[in-house]
Amino acid sequence: MSTGMANFVEASSSQQFEDLLKRAGKSLSVVHFCASWAPQCTQMNDVMAELAKDQPRVTFIKLEAEGVPEVSEKYEISSVPTFLFFKSCEKIDRLDGAHAPELTNKVQRLASSVAVSAGGADPPKEDLNERLKKLINAAPCMLFMKGSPQEPRCGFSRQIVQILKDQSVQYSSFDILSDEEVRQGLKTYSNWPTYPQVYVNGELLGGLDIIKELAESGELENSCPKAVTLEHRMKSIINRSPVMIFMKGNKEMARCGFSRQVIEVMNSTGVDYDTFDILEDEEVRQGLKTYSNWPTYPQLYVKGELIGGLDILKELKESGDLQSVLRGEN
């Protein structure tokens, strides 16, 4: 299906998707996994259309996530909108959710890096040292690693993640494999040639060997901020509001059909409630399943107690008991 622009197209099959990536070659391709029922996807398609005008050398592809399931499954698409970034048919980055500013920034950065590597002129951009300074200070304790804490992509990164976990250190991380500029620049900035690297309050603490030594001597505990236990975190979030829903997305923008139905039911009751987006926190997403002994989402809690998921919510509405349950009267 045509979108009116040569570089903004729709892929309706796996073969068409692969052909579009091959045709783009070393140029950047941005793929929007979307759904026709999701208004946020329509909004992000408008953003894509504007970006397509500004970035004529970038290929923008729309793909119905449920219409081409083999592609969605291959790239582990669990919600919409999700954006994948490709170069030379290889995935180089990912963005989950309807975040227009972040999508714009990623497209501009990745398109620029493609142009530079192809021998184009270096476009105006934020000073690299300023970028690095912001990243290093993004959290009290920052880990620059290969991969993510959930999926480390080298043995050294895996070891350091385990040490930080064993020491209950609270930290954020940055995947250096997702940004070659940061990967190379940080070595010079910190005068430290290898990864992983740990920073505390903006200062380099060291790599794996130093973190091991600090852990063995007991000094790491005093050097890094302590993490709140996951159970304590979940209790705190569950009790953030008398009525809490753990879902994909939030009350303004549900990111799956089940979550959207729950919001529709809740909005019909007139009862105040708060939501937590499990897509923004993988630790809570996995941990709450065990904590509540409830394997799926969304999940509804009233005064700290699990009520259930969408089916139970529907049953309570049909029986006329939902209002009293939400007010904690049952």
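The values are calculated or read from the model by the stated rules, or taken from the named source; none is laboratory data. Values in this document were obtained by computation on a predicted structure and should not be read as measured data. Neighbour counts run over all protein chains shown; Cβ positions are idealised from the backbone, glycine included. Note: accessible area is taken over every heavy atom of the protein model, side chains too, but ligands, DNA and RNA are not part of it. Shrake-Rupley method; radii C 1.70, N 1.55, O 1.52, S 1.80 Å.
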Exercise. Could you please report the charge total around residue 154, scoring K, R as +1 and D, E as -1 over all other residues with beta-carbon less than 13 angstrom from its beta-carbon?
Key: +2
Quiz prompt | Accessible-area composition of segment 241-330, carbon plus sulfur, in percent [1.4 Å probe] | solution = 46
Quiz item: On full extension of the chain, what length is gained from residue 219 through residue 190, given 0.36 nm per residue of separation minus the C-alpha to C-alpha distance?
Solution: 8.3 nm
Quiz item: Given 0.36 nm per residue, what is the gain on full extension from residue 88 to residue 150 after removing their alpha carbon distance, in nm?
Solution: 19.7 nm
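Residue 99 to residue 315: extension gain in nm, 0.36 nm per residue of separation minus the Cα-Cα distance?
Working: separation 216, 0.36 × 216 = 77.76 nm, distance 3.45 nm.
Stretched fully, the residue 99-residue 315 segment lengthens by 74.3 nm.
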Practice problem: Please arrange 77, 92 by accessible surface area, largest first, computed with a 1.4 Å probe and ligands excluded. | Solution: 92, 77
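Over the chain, average the accessible area per residue using a 1.4 Å probe and give it in Å², no decimals. Could the numbers behind the result be given before it?
Values: 17150 Å² over 330 residues.
On a per-residue basis, 52 Å².
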Quiz item: Calculated FRET efficiency, residue 46 and residue 265, Cβ-Cβ r, R0 35 Å, to nearest 0.05?
Solution: 0.75
Practice problem: Mind running the shape call on segment 12-81? Use the C-alpha gyration tensor, a ≥ b ≥ c as the square roots of the eigenvalues: rounded below 1.5 for a/c, prolate if a/b tops b/c, oblate otherwise. | Solution: oblate
Quiz item: Once Lys and Arg get +1 and Asp and Glu get -1 on their Cβ, which of 83, 105, 214 lies farthest toward the positive end of the dipole of the chain?
Solution: 105
Quiz item: If amide H atoms are built 1.01 Å from N in the plane of the peptide, which residues on other chains or at least 5 residues away come under 5 Å of the amide H of residue 93?
Solution: 85
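Would you mind working out the magnitude of the charge dipole of segment 197-293 relative to its Cα centre, with +1 at each Lys and Arg C-beta and -1 at each Asp and Glu C-beta, to the nearest 20 Debye?
Values: 11 positive and 16 negative charges, 121 e Å.
Result for segment 197-293 is approximately 580 debye, rounded to the nearest 20.
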Quiz item: When only the heavy atoms of the protein chains count and the probe is 1.4 Å, how do 327, 233 rank by accessible area, highest first?
Solution: 327, 233
Quiz item: Rounded to the nearest 5, what is the percent of antiparallel bridges among the DSSP beta bridges in the chain?
Solution: 60
Practice problem: Would you please classify the overall shape of the chain from the alpha carbon gyration tensor, given that a ≥ b ≥ c denote the square roots of the eigenvalues, rounded means a/c under 1.5, and beyond that prolate means a/b larger than b/c while oblate covers the rest? | Solution: oblate
Practice problem: Determine the relative contact order of the chain: mean sequence separation of Cα pairs under 8 Å and six or more apart, normalised by residue count, in whole percent. | Solution: 12
Quiz item: Which longest run of the chain has no exposed loop site in it, a site being GluC sites (Glu not before Pro) in a DSSP loop with at most 12 other beta carbons within 10 Å, and the site itself not part of the run?
Solution: 127-218
Exercise. Could you calculate the FRET efficiency of residue 159 with residue 129 from 1/(1 + (r/R0)^6), where r is the beta carbon distance between them and R0 is 30 Å, rounded to 0.05?
Key: 0.55
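Suppose only helical runs count, i.e. DSSP H with n ≥ 4. What mean residue ellipticity at 222 nm does that imply for the chain under -39500 (n - 2.57) per run, divided by all residues and rounded to the nearest 500 deg cm²/dmol?
Details: 14 runs with 145 residues, N = 330.
Per the formula, -13000 deg cm²/dmol.
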Self-check item: Inter-label distance, nm, simple model (7 Å from Cα along the C-beta direction), residue 13/residue 212
Solution: 5.4
Quiz item: Can you list the HN-Hα couplings for segment 242-252, worked out from phi with the Karplus curve (6.51, -1.76, 1.60; θ = phi - 60°), rounded to whole Hz and with x for Gly and Pro?
Solution: x, 10, 10, 10, 9, 8, 8, x, 9, 5, 7
Quiz item: If the cut-off is a Cα-Cα distance under 16 Å, which aspartates and glutamates reach residue 22, setting aside same-chain residues fewer than 8 apart in sequence?
Solution: 10, 90
